[in-house]
Amino acid sequence: MSKKMHIQMTVNGEEQEFLAEPRELLIHTLRERLNITGPHIGCETSHCGACTVTINGKSVKSCTMFVAQANGAEVTTIEGLGNPDSLHVLQEAFKEHHGLQCGFCTPGMITRASKLLEENPTPSEEEVRFGMAGNICRCTGYQNIVKSILAAAEELNSAKEAAQ
Amino acid sequence: MSVAKPLPHDAARLHVTGAARYVDDIPAPANTLHLAFGLSQIAAGRITAIDLDPVRKAPGVLRVWEASDLPSDCDCSPSAHDEPMLAGHTIRYLGQPIFLVAATSHLAARKAASLAKIDYQSRDAILTVDEAMDADSRFGEPRIWQKGDAGEAIDTAPHVLEGEITMGGQEHFYLEGQAAMALPQEDGDMLVHSSTQHPTEIQHKVAHALHLPMHAVRVETRRMGGGFGGKESQGNALAIACAVVASATGRPAKMRYDRDDDFMITGKRHDFRIEYRVGHDDDGKLHGVEFLQLARCGWAQDLSHPVADRAMLHSDNAYALDHVRIESHRLKTNTQSATAYRGFGGPQGMLGIERVMDHVAHALGKDPLDVRRANYYGDFAEDKAQSTPYGQPVTDFVLNDLTETLKARSDYTERREAIADWNAQNPVLKRGIALTPVKFGISFTLTHLNQAGALVHVYQDGSIAMNHGGTEMGQGLFQKVAQVAASEFGVDMDVVKITATDTAKVPNTSATAASSGSDLNGMAVKAACEAIRDRMAEHLARIHQDEPADVVFRDGEVHVGGNRLPFAEAAKACYEGRVSLSATGFYKTPKLSWDMIKGQGRPFFYFAYGASCSEVVIDTLTGEYRILRADILHDCGASLNPALDKGQIEGGYVQGAGWLTTEELVWDDHGRLRTHAPSTYKIPACSDRPEVFNVSLWDGRNREETIYRSKAVGEPPFMHGISVLMALSDAVSACGEAYPALDAPATPEAVLKAVRRVRGVL
């Protein structure tokens, strides 16, 4: 049993401090220690993307990151984007454009999409498809996921234009 | 009316915020135990020595169970009572659970499970179809169904062809792995949360394992993170394990398979080899056809008989066959026990005849679509009877019109010509196109399963709670059925609450399978709603001096005796008038009669239809390929929810294409599955989907009296993936004279091999 380490991180805007084994996986920290269960455990080998979160502005698969690597980091999960009473533009788009079926991949999918639209606010369909290729969905055939992301991009851009 | 509206999934708001709970998200009590299985490392043989002390001494471990420690055999089989949860001394496949560990955390249990010291005496494992045939290792006698005299018809036909196609299995890869949690209750009762398509079976198997009556076990399933047939029977082991541990320790117990364990332990789609002999004329019209279907079933029977039956039942697909013989062997091998998977054998049987059509067209140098059309069933005509090889009249065939419509919409003819020109000018890249039909039979072939129950409550504030035996795995069943309930009461959707599937609310349910969810449960809910509505109408008519038949429920109001009461007020009035506002509903599918041994009768209430056209391009130097365009026209009858139905079609097509292209299961010579994670087992990604993807619904109503004249949609679109394999075959055939004889999955390696074979290089 390795020595516990003092960990400090900001998760969805809240300061968190705790002692953990350095090799505890971040997905377990989130789900079991902090009861943040939006990020899901799909494949545990960073292929499926169900556990995707944002760490210091980058999309990360939290099932293969040690909590020690996230020490001091700013972490955003799907819960940090919006909630059932106040949806983020992407969340609204996935709901309205049927970008989900079983919903298990959805939190990781939307979390990744939120970064994609920051990296590239006006993506082509092709860029969405390749930008989302690290997140697997077994149900939808992706058609409505791509549609949802493009719709959200348009919505965000017209809001931006209106603000200017 | 709420039906026919393209409303979002009922839990969409929860899904997009991460608030939708799956089994692993349910808060577990602090003293919950976490379980893991220790797995066999050989495919066949005996355990000669087993030392579990290192497991017991591992950190966090509370207790370890071997088969002999269990309260019963803890049978996990949905059919033949041949699946003990833990192997005794005899090992039947590599990955078979041998012992069970309960520990304080998931990780502690898994780590401990890897510490066992087990000595084995291996024997030669039976792994392949040929090994099983040679060893006569099988479940039951071969089943043979025939119509007419296929042998004579083939021998006297102008042309005779023979061939075979092998098609791989398929891992379900539901994004949420198998999971269950058991919570011990007072007096020995057990509450089980399970990610299952079949809560009643979980209840039944847990009750059997613990020697309890079924009323002592309650199973709840709010949702699954995907099922696809993989959670019809494969969740039994986890639920039983949790219940056994919870019963023995008095503590809650939870188990979820790590993804690799899920691959190694659970069953997959049956792989098949289909051999065929066919006699045809110059137009490609089939005179007779014989199929030999060899299905690899794995170590236990599970659902292999009905799966193999359904493969036989779909050997005709859309084609009128006068002389046909189908022989089916269900082979027992030392591999995971193959199980239900979307289509349930139908895709395999259908691929057999589609291969025949492709092969015949190639031999004649014809457009495969012309050969297909030459063999289609006719439109329904009173004076012209036509029936399937198993004697079911085909009265609802819509594929003649549907195919012509899709052919025109997809510019099939023009594109086929353009592709031929393009291929003539491009030596390295070759394109291919194919348009293939689907006719899929709807109903469980085990007739008694075609029943469903529902429970509906109207509360005195006018809110409605609805429950039925179907389970939600993403297909949108709950929303469709809620749309039925809202329509029956003429209220808004937000008035209707959909509650988790619960064996204490609706008993004796069938699995949510065979695409039957909406057909069965929609009708059961409708019956319950009608019972309550009739009681309300009768009471309200009495106090408002009106006729019950004239009371109308519409737009959130009840129209009675010239008055318009808000639904909530009407509910309150009925409550105060001592009217029962709760009802059960029941439905059983009519008109079914089926003799599975003879292969005669009417196993299906109706057929669902569709057609798809795929265009691909292959790189003849590497075998790599892309799907360039897909056009699908699919028949959902009068759709209950066109958005959800289109989602099923799009997802089904991509999953079907995955089965036939990149999803390859590889077992090594020792019976070890080598593709046991997404790193080696490739399911379609976002970047793999067709660049152009047009999906439309066929405008029509079900001829049979189904719920609002809709049609089942879960499985049928899966088989649109066949057009991708046929398009690949078309592209490969542009490389030379020989028939590509492309097997599935047509991985880039397989395509490259086929190209080289057709070019005469191999």
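Couple of notes before you dig in:
- Failed criterion for A:ALA133 (all others in (1) of a type in the set (Gly, Ala, Ser); (2) at the interface with chain B (Cβ under 7 Å from one of its Cβ atoms); (3) touching a residue at least 12 places away in the same chain (Cβ under 8 Å) hold): (3)
- If you go through region B:10-22 and keep only what is open to solvent by 10 Å² or more (accessible area, probe 1.4 Å) and not in a loop (DSSP other than H, G, I, E, B), you end up with B:ARG13, B:LEU14.
- Considering only residues in region B:43-59 that are β-branched (Val, Ile, Thr) and open to solvent by 30 Å² or more (accessible area, probe 1.4 Å), the one that is farthest from the other protein chains (Cβ to nearest Cβ) turns out to be B:THR48.
- The condition (being open to solvent by 10 Å² or more (accessible area, probe 1.4 Å), out of contact with any helix residue (DSSP H, G or I) (no Cβ under 7 Å at 6 or more places or on another chain) and closer than 30 Å to B:GLY230 by Cβ) is satisfied by just one residue among B:HIS359, B:HIS305: B:HIS305.
- For region B:387-422, residues that are in a helix (DSSP H, G or I), over 23 Å from B:PHE693 (Cβ atoms) and touching a helix residue (DSSP H, G or I) at 6+ places or on another chain (Cβ under 9 Å) total 1.
- A residue that is closer than 30 Å to B:PHE478 by Cβ, within 14 Å of another protein chain (Cβ to nearest Cβ), among the hydrophobic types (A, V, I, L, M, F, W, C) and touching a helix residue (DSSP H, G or I) at 6+ places or on another chain (Cβ under 6 Å) occurs nowhere in region B:26-42.
- Among the candidates A:THR140, A:THR54, A:THR122, residue that is at the interface with chain B (Cβ under 9 Å from one of its Cβ atoms) and outside any helix (DSSP H, G or I): A:THR140
For (1) in contact with a Ser or Thr (Cβ under 7 Å, 6 or more places away or on another chain); (2) among the hydroxyl-bearing types (Ser, Thr, Tyr); (3) under 28 Å from B:THR200 (Cα atoms), each residue gets a yes or a no:
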{"residue": "B:MET1", "(1), (2), (3)": "yes, no, no"}
{"residue": "B:ASP25", "(1), (2), (3)": "yes, no, yes"}
{"residue": "B:ASN31", "(1), (2), (3)": "no, no, yes"}
{"residue": "B:ARG46", "(1), (2), (3)": "yes, no, no"}
{"residue": "B:MET85", "(1), (2), (3)": "no, no, yes"}
{"residue": "B:ALA113", "(1), (2), (3)": "no, no, no"}
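- Looking at B:PHE718, B:PHE693, just one residue is touching a residue at least 12 places away in the same chain (Cβ under 8 Å), open to solvent by less than 10 Å² (accessible area, probe 1.4 Å), within 14 Å of chain A (Cβ to nearest Cβ) and not in a loop (DSSP other than H, G, I, E, B), and that residue is B:PHE718.
- Any hit, region B:149-165, residues being over 30 Å from B:LEU660 (Cα atoms), free of Cβ contacts under 8 Å to residues at least 12 places away in the same chain and open to solvent by less than 20 Å² (accessible area, probe 1.4 Å): no
- Candidates B:LEU70, B:LEU62, B:LEU35: the one that is touching a residue at least 12 places away in the same chain (Cβ under 8 Å), touching a strand residue (DSSP E or B) at 6+ places or on another chain (Cβ under 9 Å) and crowded, with 21+ Cβ neighbours inside 10 Å is B:LEU35.
- Residue in region A:57-67 that is farthest from the other protein chains (Cβ to nearest Cβ), counting only those that are of a type in the set (A, V, I, L, M, F, W, C) and buried (at least 24 other Cβ atoms within 10 Å of the Cβ): A:VAL67
- Of all residues making up region A:68-83, the number that are touching a Pro at 6+ places or on another chain (Cβ under 7 Å), within 14 Å of chain B (Cβ to nearest Cβ) and not hydroxyl-bearing (Ser, Thr, Tyr): 1
- Residue ID - farthest from the other protein chains (Cβ to nearest Cβ), chosen from residues in region A:84-113 that are among the polar types (S, T, N, Q) and either on the phi > 0 side of the Ramachandran plot or buried (at least 24 other Cβ atoms within 10 Å of the Cβ) (or both): A:THR111
- Cross-chain or 6+ apart pairs with Cβ under 7 Å, region B:469-490 first and within 14 Å of chain A (Cβ to nearest Cβ), then surrounded by fewer than 24 Cβ atoms within 10 Å (Cβ to Cβ): B:PHE478/B:ASP10; B:PHE478/B:ILE498; B:GLN479/B:LEU7; B:GLN479/B:ASP10
- Residue in region B:411-434 that is open to solvent by 50 Å² or more (accessible area, probe 1.4 Å) and over 30 Å from B:THR620 (Cα atoms) present: no
- Strands (runs of 3 or more DSSP E) within region B:152-247 that include 1 or more residues within 14 Å of chain A (Cβ to nearest Cβ) and either of a type in the set (Ser, Thr, Tyr) or in contact with a Pro (Cβ under 6 Å, 6 or more places away or on another chain) (or both): B:217-221
- Pairing residues of region A:144-155 that are more than 13 Å from chain B (Cβ to nearest Cβ) with residues that are polar (S, T, N, Q), at Cβ distances under 8 Å and at least 6 apart in sequence or on separate chains, gives A:ALA153/A:THR122.
- Scanning region A:1-51 for residues that are within 12 Å of chain B (Cβ to nearest Cβ), of a type in the set (Ser, Thr, Tyr) and in contact with a strand residue (DSSP E or B) (Cβ under 8 Å, 6 or more places away or on another chain) yields a single hit, A:SER46.
- Region B:568-680 holds strands (runs of 3 or more DSSP E) entirely within its bounds, and those carrying 1 or more residues that are within 14 Å of chain A (Cβ to nearest Cβ) and open to solvent by less than 30 Å² (accessible area, probe 1.4 Å) map to B:606-619, B:625-634.
- The selection criterion, being surrounded by 15 or more Cβ atoms within 10 Å (Cβ to Cβ) and more than 9 Å from chain B (Cβ to nearest Cβ), does not hold for A:SER158.
- Condition check for B:LYS332: surrounded by fewer than 24 Cβ atoms within 10 Å (Cβ to Cβ), out of contact with any Ser or Thr (no Cβ under 9 Å at 6 or more places or on another chain) and charged (D, E, K, R): no
- Filtered residues of region B:222-263 (kept if within 21 Å of the chain's Cα centre (by Cα) and more than 30 Å from A:THR64 (Cβ to Cβ)): B:GLU232, B:SER233, B:ASN236
- Failed item in (1) open to solvent by less than 40 Å² (accessible area, probe 1.4 Å); (2) under 14 Å from the mean Cα position of the chain (by Cα); (3) within 9 Å of chain B (Cβ to nearest Cβ), with A:LEU116 passing the rest: (3)
- Checked against the criterion of being assigned to a loop (DSSP other than H, G, I, E, B), farther than 26 Å from B:LEU183 by Cα and away from every other protein chain (no Cβ under 14 Å), the candidates B:SER72, B:SER79 yield just one match: B:SER79.
The values are calculated or read from the model by the stated rules, or taken from the named source; none is laboratory data. Because the structure is predicted, anything quoted here is derived from the model rather than measured. Glycine also receives a Cβ, built like all others from the backbone with ideal geometry; neighbour counts cover every protein chain displayed. Heads up: the accessible areas ignore ligands, DNA and RNA and are worked out on the full protein's heavy atoms, side chains in. Shrake-Rupley method; radii C 1.70, N 1.55, O 1.52, S 1.80 Å.
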